Amino acid sequence: MSQGATRKTCRCRNLRHSKKDVAEKDAAMDGAGIEQGRRAYFDEGQLPLETVRQPVLRSWVRCTDMGLTQGRLQGGGPLAESELNILRQRRESLRRLCRPELEMLAGEARETGSVVILADADGMILDSIGDTGFLSRAAQVALRPGVSWTEASTGTNAIGTAIAERRPIAVHGPEHFFAEHAVLSCAATPILDPRGAIVGALDISGPSASGHGHALGLIRLAVDQIEHRLFRSGFADCRVLRMHDDAAMLGTAREGILVFRDDRLVAANRRGLSLVGRSWEALDDAALGELVDMQGQATRGRLRLTNGATLIGGWDAEGRGGVELPLAARPLADDRAEAIDAALTAHGGNVSAAARQLAVHRSTIHRHLARQR
């Protein structure tokens, strides 16, 4: 990359996730525009704001900041078969959770000459199924089990970039950081647990020449189903609130879910947080009364929120069978400060790594650190 590019990429750090950015369609810009954007960025050190989508441009900048350069494709070889088997055993709960969607999407993948891929939170591919012909071609660019597809390892790509951005994204052809991956068109969505921690990513990849405009929608629907099953049994010692503006959607993957322990929000899904106008930072912080107008609430029926919205919803029945949140996923109060400090020490102060170990959102650790100042 040119020296001009190195100097000017720092300006891209100010690229922000605006509402327009979040709402933008993940269809690729026209091919000519992307190629023009690549020349501007990689050869001339310019920021192609008009020809490259902001999530892709942010990824290019992150990759550059990590030292990746064109012509030097990084990433080691795949794990040995024995190592892959050990990894799969460690991730068996994730694989089992996602198996129905993998099987469902496999048929679609075969019909479109593509593959469906499951990766763990570290971007390591665990499973890939679909069109056998494309599986063989994908292996030529290391799109296979046992290979890491984080941005640090493989540059801009749907799996790594979805994990880095914590949002669904498609990456088409030359939008990939490395030119060798321009043969791919990929769409991925991160899988979040009820505490907002990324536990994996689901992806559909195929040849860029074919186009896969529907892939991102399919992946998002599949991940909604996966995440919803994490709440299917409820949580022991917690109260689970389910809601939607359409009664027909209650009980489906489209419903919003909030989980409270001692009237404190401790878990949720994305839809639930969106309905009450909060983000993952609200976990362990927001109280029930701050979100829901509890006066006159029925067990099942109209639900008034403090933001003025009126929905259909109610609480899971008392005594409904469930599984208790594991200790690591419980709110980390002051008496568990030692667990946070130990995790930070073990990971050299890396908040993201410590949050993954403790199965909490990064905001929980940041609040702990703020109290220590």
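Those helices (runs of 4 or more DSSP H) of segment 122-169 that lie entirely within it include none in which at least 2 residues are surrounded by fewer than 24 Cβ atoms within 10 Å (Cβ to Cβ), touching a His at 6+ places or on another chain (Cβ under 9 Å) and of a type in the set (F, W, Y). Only residues that are in contact with a Ser or Thr (Cβ under 9 Å, 6 or more places away or on another chain), over 27 Å from V223 (Cα atoms) and part of a loop (DSSP other than H, G, I, E, B) were counted across segment 259-318, and they come to 1.
Screening the candidates V171, V183 for the property of being in contact with a helix residue (DSSP H, G or I) (Cβ under 6 Å, 6 or more places away or on another chain) and either among the β-branched types (V, I, T) or without any contact (Cβ under 8 Å) to a residue 60 or more places away in the chain (or both) yields one hit, V171. Is it fair to say T189 is within 11 Å of the chain's Cα centre (by Cα), among the hydroxyl-bearing types (S, T, Y) and at pLDDT 95 or above? It is true that T189 is within 11 Å of the chain's Cα centre (by Cα), among the hydroxyl-bearing types (S, T, Y) and at pLDDT 95 or above. S205: assigned by TED's automatic domain parsing to the domain that holds L97, more than 30 Å from A354 (Cβ to Cβ) and touching a residue at least 60 places away in the same chain (Cβ under 8 Å), yes or no? Judged against the criteria, S205 is a match.
The sole residue among E92, E103, E108 that is within 26 Å of the chain's Cα centre (by Cα), closer than 22 Å to G130 by Cα and modelled with pLDDT under 90 is E108.
In segment 358-373, the qualifying residues are those that are under 17 Å from A286 (Cβ atoms) and polar (S, T, N, Q), and the one that is modelled with the lowest pLDDT is S363. Of all the residues in segment 226-262, those that are farther than 20 Å from A309 by Cβ, surrounded by fewer than 15 Cβ atoms within 10 Å (Cβ to Cβ) and in contact (Cβ under 8 Å) with a residue 12 or more places away in the chain number 4. Candidates in segment 196-232 are the residues that are in contact with a Ser or Thr (Cβ under 6 Å, 6 or more places away or on another chain), modelled with pLDDT under 95 and not hydroxyl-bearing (S, T, Y); of these, the one that is nearest to I117 (Cα to Cα) is G206. Of all residues in segment 173-182, at least one satisfies being within 17 Å of I117 (Cα to Cα) and in a helix (DSSP H, G or I). Confirm whether R91 is closer than 27 Å to R270 by Cα and of a type in the set (K, R). It is true that R91 is closer than 27 Å to R270 by Cα and of a type in the set (K, R). Checked against (1) in contact (Cβ under 8 Å) with a residue 24 or more places away in the chain; (2) out of contact with any Asp or Glu (no Cβ under 8 Å at 6 or more places or on another chain); (3) closer than 22 Å to L192 by Cβ; (4) of a type outside the set (S, T, N, Q), E92 meets all criteria but (1).
Residues in segment 140-153: is at least one β-branched (V, I, T), touching a strand residue (DSSP E or B) at 6+ places or on another chain (Cβ under 8 Å), in contact (Cβ under 8 Å) with a residue 40 or more places away in the chain and closer than 16 Å to A187 by Cα? Within segment 140-153, not a single residue is β-branched (V, I, T), touching a strand residue (DSSP E or B) at 6+ places or on another chain (Cβ under 8 Å), in contact (Cβ under 8 Å) with a residue 40 or more places away in the chain and closer than 16 Å to A187 by Cα.
Selection of segment 105-121 for residues being surrounded by fewer than 18 Cβ atoms within 10 Å (Cβ to Cβ) and of a type in the set (D, E, K, R) yields E108, R110, E111. Looking at segment 105-120, can you tell me whether even one residue there is assigned to a loop (DSSP other than H, G, I, E, B), charged (D, E, K, R) and more than 30 Å from A32 (Cα to Cα)? No, the conditions are met nowhere in segment 105-120.
The values are calculated or read from the model by the stated rules, or taken from the named source; none is laboratory data. This structure is a prediction, so every number in the text was calculated from the model and none was measured. Cβ: placed from backbone, ideal geometry, glycine included. Neighbour counts: every protein chain shown.
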